[in-house]
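Readers should treat all values here as calculations from the given coordinates under stated rules, not as data from a laboratory. The structure presented is a predicted model; accordingly, all values stated were derived computationally and were not measured. Cβ coordinates were reconstructed from backbone atoms using ideal geometry, including for glycine residues, and neighbour counts include every protein chain displayed.
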Amino acid sequence: MGDFISTETVDSRRGCDGSTAYSWDSIRTLIMQKIAIIGYGNHVKKNILPAISRMSEVEVDAIYVRDLTRYQEEAEAAGVTLRSLDESIGGEVEWVYVATPITTHYDLASRFLRMGKHVICEKPLTENYEKSLKLLEIAETSGRRLFEVCMYQYHKQFEHLRALVESKKGELKTFSTAFAIPHLNTDNIRYNKELGGGALLDVGYYPVSLILSLFGEPKAIQTEKFTDAGYEVDLRGIAIFRYDGFYAIAEWGIGLPYRNEATLTSDTEAYVYERIFSKPPTLETSVKVSSQSGIVATAIGMDDPFVNLFQSCFSALEQNDKAAIRSVNLHTLKALSEIARG
């Protein structure tokens, strides 16, 4: 695997299935990890590669793409090693990060699992529940580990919200959350049905997964999806999740004013979490508490969810944490398929 290196003590975090993803309070060393990245889109350039550069225990083998000529000049300027997706990934590489369009996830992840690689796959794991279950079976039979990226859940702001939900059991009345973004360039893959485009699987994943991670499987789901003339994909939607004594609402959309929030309402207070899903590691997060006495903001602080994600995956494997290793929220994948069917 490589050399051992020293690491700092790290707090525990949660995986996307709600399990503890890692706890490094007693771990002082970690084996150097070598990872291959599949895809070279904006997310990889702006988030994944910078996060890896902040980690001394991770080395990028190369970035693998289908079209070398498309990215070659840019990769050379950035000092990135680029290889064809047709090339075999070396045996010294144990990890593969899949950051490609949704409809390619199943074929790529299954290929690398069968090659003996541990796979970290961008959300959602696949475009439907049945394929996701099959992918989990392949990971199990291959003896490899499969992780679904649910980045916001590796931030202390999410942990604060989770703790609040636990403390408000019996008092909770409503929960609402939304993620919406303005329209993008028309050639963006989010508008391409064949590549798994559409608001539900992109931005809708976030509020749906948040509700399912916090509250589990609901008694019932009511949903509506909408599109506009000239588009082949869904552009916005809403889902109402019914639980014992309260309900939760998820809203999402592309082509709307920006929204990125969650609000929990109890008997006497409302708790508002802004930028709950997407934020830079330098952002000082907080929660605003509204009551009859007024509004009070409580600081939560900065965190680095991208780094936390990788450390969580590596640590789960080192500790053989089976709950964290199966870090795929099946409740979310099942709900997304149900909403997609309408």
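General remarks:
- Enumeration of residues in the range 219-249 that are in contact (Cβ under 8 Å) with a residue 40 or more places away in the chain and farther than 15 Å from Gly342 by Cα: Tyr231, Glu232, Gly245, Phe246, Tyr247, Ala248, Ile249
- Cβ-Cβ contacts under 8 Å between residues 6 or more apart (or on different chains), taken from a first residue in the range 282-307 that is on the phi > 0 side of the Ramachandran plot and of a type outside the set (S, T, N, Q) to a second residue that is surrounded by 12 or more Cβ atoms within 10 Å (Cβ to Cβ) and assigned to a strand (DSSP E or B), are listed as Gly301/Thr285.
- Leu125 touching an Asp or Glu at 6+ places or on another chain (Cβ under 6 Å) and either surrounded by 24 or more Cβ atoms within 10 Å (Cβ to Cβ) or free of Cβ contacts under 8 Å to residues at least 12 places away in the same chain (or both): yes
- Any chance Tyr231 is among the aromatic types (Phe, Trp, Tyr) and more than 20 Å from the chain's Cα centre (by Cα): yes
Residue-by-condition table, conditions (1) more than 18 Å from the chain's Cα centre (by Cα); (2) part of a loop (DSSP other than H, G, I, E, B); (3) under 20 Å from Tyr258 (Cβ atoms):
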| site | (1), (2), (3) |
| --- | --- |
| Val165 | yes, no, no |
| Glu171 | yes, yes, no |
| Glu194 | yes, no, no |
| Gly198 | no, yes, yes |
| Ser213 | no, no, no |
| Pro218 | yes, yes, no |
| Gln222 | yes, no, no |
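- Test: residue in the range 116-132 that is over 20 Å from Ile35 (Cα atoms) and of a type in the set (Phe, Trp, Tyr): yes
- Failed item, numbered, when Leu283 is tested on (1) more than 18 Å from the chain's Cα centre (by Cα); (2) assigned to a loop (DSSP other than H, G, I, E, B); (3) buried (at least 19 other Cβ atoms within 10 Å of the Cβ): (3)
- When residues in the range 144-163 are screened for being in contact (Cβ under 8 Å) with a residue 40 or more places away in the chain, assigned to a loop (DSSP other than H, G, I, E, B) and out of contact with any Asp or Glu (no Cβ under 8 Å at 6 or more places or on another chain), 2 of them pass.
- Every residue from the range 131-169 that is under 29 Å from Val93 (Cα atoms), surrounded by fewer than 22 Cβ atoms within 10 Å (Cβ to Cβ) and among the acidic types (Asp, Glu): Glu137, Glu140
- Hits in the range 101-120 (condition: in a loop (DSSP other than H, G, I, E, B), within 18 Å of Phe147 (Cβ to Cβ) and not aliphatic (A, V, I, L, M)): Gly116, Lys117
- Criterion violated by Glu127 - all others in (1) in a loop (DSSP other than H, G, I, E, B); (2) out of contact with any Ser or Thr (no Cβ under 6 Å at 6 or more places or on another chain) satisfied: (2)
- Within the range 219-252, tally of residues that are in contact with a Lys or Arg (Cβ under 7 Å, 6 or more places away or on another chain) and surrounded by 19 or more Cβ atoms within 10 Å (Cβ to Cβ): 4
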